[in-house]
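Below: one structure, written as structure tokens.
What follows draws every value from the coordinates through simple rules; no lab data is involved. Predicted model, so just to flag it, every value in this text is computed and none were measured. Cβ sites come from the backbone with ideal geometry, for glycine too, and all protein chains shown count toward neighbours.
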Amino acid sequence: MTRPHPEDLAKLVAAVCVNPKYAQLAPSLVERLAAEELEKRADFKTALKTTRTRLHQVAGAGKFVHHKENIPDVYHDIPAN
């Protein structure tokens, strides 16, 4: 596979980061996934959609765990051996 053109990659990263959901993510993560999708996909629109999907999968799981502040409390009632 060939590396995506830097202008195309910058355009895709900018299009992803316009959405507030993805704007707070590490730019290196967005850029890496965007580059991978540009290598695989024939058109920009599909690369944009699949990049957002992958970011949702990665960041969505982290968001869920991040908001569960009392996860360690679950283990409080487990007796020690």
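Count Lys and Arg as plus one, Asp and Glu as minus one, and take only other residues whose Cβ is under 15 Å from that of residue 45; the net charge is then +2. For region 6-69, the fraction of C-alpha pairs farther apart than 16 angstrom is 39 percent.
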